[in-house]
Structures are given as structure tokens and as C-alpha cells.
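Peer 1: Following this message is one structure expressed as C-alpha cells.
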Amino acid sequence: MAVEEAASLREQMSRARARIREMREMLLAANSLDHAADASIGDVDAVPLDRSELAPYLLALALDMCATQVPAERAADELLDVAQGSPMALLAARSLASALHKELPDDKRARLVVDLVTMAVRRARVEAFGGALT
């Protein structure tokens, strides 16, 4: 009995640490966006240095748009706009969305978020590199 409780406690602590890391990533992304928004237009600081750090914010935005039933085309446009067309930022967000879907396989919105971010990744790839949508 004590061994099961200890294992359960370890699992709960592991999940809590993972949530803390995710929240930290989201906070860093939000701070980076705030810093970029406060910079003058054309200033080096006007764009986050590493666009992949936008991934947690993009995931949160995609979740919000799916929860509020924003049409997929408009939501993908919004994600592209926030990511400034960066396929890397969107790929990082898609990775987070896939991890969320893996944790919540029966959650329809988790699947919708993966689909939405995938649509945005495809559009960003076409905009950045050309080629047909597949």
C-alpha cells in the first residue's frame, strides 16, 4: 500500500513539475512578446529573438480559438500573423499540441488544436518556401 502511494505521489509531482515548466515557457513567451511590442518599429527588439519561444503562446491562442469556435480559416490566419509567418514557431506549437493530444486522446478540442496548428504550419511553409499544400 505504501509503495503504491509513493508511486502515485511521484507521478503527481512529475505532472506538477511538467505543468510548472509549461507555465514558465508560456510566461517567457508572453514576456518576449511584451518586450517586442514595447520596442520601436524597426528596432532590433521589435521581434522576439527566437520565434520558437512563441510556441506556448501560439498553443494557448489556438486552444482559445478552438474553445470559442473561431472559424478554422480565420484562426489559422491569426496564428500565422502572431507567428509572423515563422514555420519554426508553428512547428514548435504543433509539437506542444501533439503532446497535449497524446495526454488527452479522447478530448475532441485537443485534436482540433492539432489540426488547426497543422493547417497554419502548412500555410507558413508555402509562404516561406513556396510549393503546393499537401
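Quick note: the coordinates plus some simple rules give every number you see, no bench work behind them. Just so it is clear, the model here is predicted, and its values are computed rather than measured. So basically every Cβ, Gly included, is an ideal-geometry build from the backbone, and we count neighbours across all protein chains shown.
Peer 1: Go through 73-86, 111-124 and give me the packing order, highest mean Cβ count within 10 Å leading.
Peer 2: Packing proxy ranking, top to bottom: 111-124, 73-86.
Peer 1: Using every pair of alpha-carbon atoms in region 56-134, split the distances into 5 Å bins beginning at 0 and state the percent of pairs per bin, rounded to integers.
Peer 2: Going from the shortest bin to the longest, the percentages are 3, 19, 29, 25, 15, 7, 2, 0.
Peer 1: Let's test the formula: R0 of 35 Å, r as the Cβ-Cβ distance of Met1 and Asp77. What FRET efficiency results, to the nearest 0.05?
Peer 2: With R0 = 35 Å, the Cβ-Cβ based efficiency is 0.05.
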